[in-house]
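Following: one structure in structure tokens, then a few remarks.
Every number here is computed from the coordinates shown, using simple stated rules; none is lab data. Just so we're clear, the structure is a prediction, and the values are computed from it rather than from any experiment. When we count neighbours, we look across all protein chains shown, and the Cβ atoms used for this are built from the backbone with ideal geometry, even at glycine.
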Amino acid sequence: MVSKTSLPPKAGAVRVRRDWLGKGRVRMAKTALISGITGQDGSFLAELLLDKGYEVYGIIRRSSSFNTDRIDHLYQDPHEKGTRLHLVYGDLNDSSSLNTVLRQIQPDEIYNLGAQSHVRVSFDIPEYTGEVTGLGTVRLLEAVREAGIRPKFYQASSSELYGKAVETPQTETTPFHPRSPYACAKAYAYYITLNYRESYGMFACNGILFNHESERRGETFVSRKITRAATRIKVGLQEKLYMGNLDAQRDWGYARDYVEAMWLMLNAEEPQDYVIATGVTHSVREFIERTFSYLDLDWQRYVEIDPRYFRPAEVDLLLGDASKARRELGWEPKVNFDQLVKLMVDHDLQLAKQETEATEMHHVPVAKARRESI
Ligand code: NAP
Ligand code: F7E
């Protein structure tokens, strides 16, 4: 299903694609390259950029099974005319692939979303996380220099940088105190992005995004783990939900709102770093309560604590102040906490019902718990 694209010819350092609309009218299409296009944010960003008329290239990794579920609805046969989404193989651990991709595509905008993004997992694979999430960024930035091009560059920085936060709410000037190998890797990526802006005058921005979730969120992040489990419990597919630290507080927003901020940053006058957050924080316990109560379930009957989900070092409280983004980019979140929980539960309830039907049809034994090793 993924094809190596036939790349259009180049016409100099900054290339503009011309799609003929007939009668001599031309559309000047910008080209964007997304690392991490198969992830939650990558899929929403690809949708947004395609809607805006961009030609979108996404870097995907070779996998023994398909991992393009989140973008399958956007994918078109490359043999069809006018296809604007192209997938190319590459890896943030492999400089040569990045060099080739950049030389060939010469994008106007690069969104570096690729990462080993799970905080708990980063304690198990710290070196690998450093390679992909940290050094991967400098590999991509160097590939830009080697290609001799001047694209705008977005780095997916994270509120995890604040870690053991020294002030609340956190802003662009709050000092960092990373609390995990993931956050340490993101700190390197943040500073190297800033360094390339200062050293080479690159239009490079850090979006310091607070937690953002959706119906496409990976199932081992806490929000989706809760909405998947609660809806499966509701339809009788699961009996218990095992959780870690319920006291942690997060500033949760909706991913679709947050990818818009990425685009706004690269289309602002000046390259700068921005906090993107809702300005409201809730505990994991509140997320659980809200989810179960929406489903008319008493959460205390189903939720148990399993210490394996505690982290060696925890980030207790995150709360972002996105005033700068509101002021300078005109960005604000559209979906609040209750709406977020509702849209995720509605989606996952449908999924659970489909699972029930499949289970009944094929006489599959009901699993007591899902694969939730983290
Ligand atoms: P995600 O769902 O975990 O997606 C991560 C993406 O990175 C996937 O497409 C993955 O590909 C790709 N990737 C992993 N290793 C790679 C490698 N070696 N080379 C190339 N690509 C690789 O993450 P997300 O939630 O969309 O987040 C997007 C970015 O924002 C990440 O950098 C994350 O750290 C950061 N961030 C996220 C949040 C949040 O709340 N979601 C907040 C702040 C910052 P596969 O599909 O092949 O695994
Ligand atoms: O955990 C607590 C856990 O894994 C949130 C990534 O996208 O956002 C994400 O990182 C909180 C933590 O996200 C379970 O201890 C309790 O305090 O959903 P999470 P995260 O660690 O905040 C940031 C901004 C990123 O940049 C990252 O890429 O929930 N928690 N019990 C649990 N968490 C999980 N996963 N599973 C539990 O059972």
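Measure off 7 Å from each Cα along the Cα-to-Cβ vector at residue 304 and residue 247, then give the distance between these two points in nanometres to one decimal.
Taking the simple label geometry, residue 304 and residue 247 are separated by 2.3 nm.
How large is the charge dipole for segment 175-303, taken about the Cα centre, if only the Cβ atoms of Lys, Arg (+1) and Asp, Glu (-1) carry charge, to the nearest 20 debye?
Numbers: 16 positive and 16 negative charges, 129 e Å.
Dipole of segment 175-303, to the nearest 20 debye: 620 debye.
How much of the DSSP beta bridge set in the chain is antiparallel, as a percent to the nearest 5?
15 percent
Using +1 at the C-beta of Lys and Arg and -1 at the C-beta of Asp and Glu, which of 121, 280, 309 has the Cα lying farthest in the positive direction of the dipole of the chain?
It is 121, whose Cα lies furthest towards the positive end.
Please work out the ratio of the alpha-carbon Rg of the chain to 2.2 N^0.38 Å and round it to two decimals.
1.02
Rounded, prolate or oblate: pick one for segment 275-322, where a ≥ b ≥ c are the square roots of the eigenvalues of its C-alpha gyration tensor, a/c under 1.5 means rounded, and failing that, prolate if a/b is larger than b/c, else oblate.
Values: a/c = 4.30, a/b = 1.32, b/c = 3.26.
Verdict is oblate for segment 275-322.
List the chymotrypsin sites (Phe, Trp or Tyr not before Pro) in segment 242-349 that DSSP assigns to loop (not H, G, I, E or B) and whose Cβ has at most 15 other Cβ atoms within 10 Å. Which are they?
Working: sites: 242, 252, 254, 258, 263, 274, 287, 292, 294, 299, 302, 309, 310, 331, 337; in loops: 252, 302, 310, 331.
When the chymotrypsin sites (Phe, Trp or Tyr not before Pro) of segment 242-349 are filtered for loop state and at most 15 Cβ neighbours within 10 Å, 310 remain.
Students often get this wrong, so check it: of 186/353; 30/81; 240/353; 52/234, which have C-alpha atoms separated by over 29 Å?
On the way: 186/353 38 Å; 30/81 18 Å; 240/353 18 Å; 52/234 39 Å.
In this structure, 186/353; 52/234 exceed 29 Å between Cα atoms.
Mind giving me the nanometre distance, one decimal, between the label points for residue 177 and residue 67, set 7 Å out from Cα along Cα→Cβ?
3.4 nm
Determine ³J(HN,Hα), in whole Hz, for all residues of segment 263-279 in sequence, where each value follows from phi through the Karplus function 6.51 cos²θ - 1.76 cosθ + 1.60 and θ = phi - 60°; x replaces Gly and Pro.
Going residue by residue, I get 5, 4, 4, 6, 10, 7, 5, 10, x, 8, 9, 9, 7, 10, 7, 8, x Hz, with x marking Gly and Pro.
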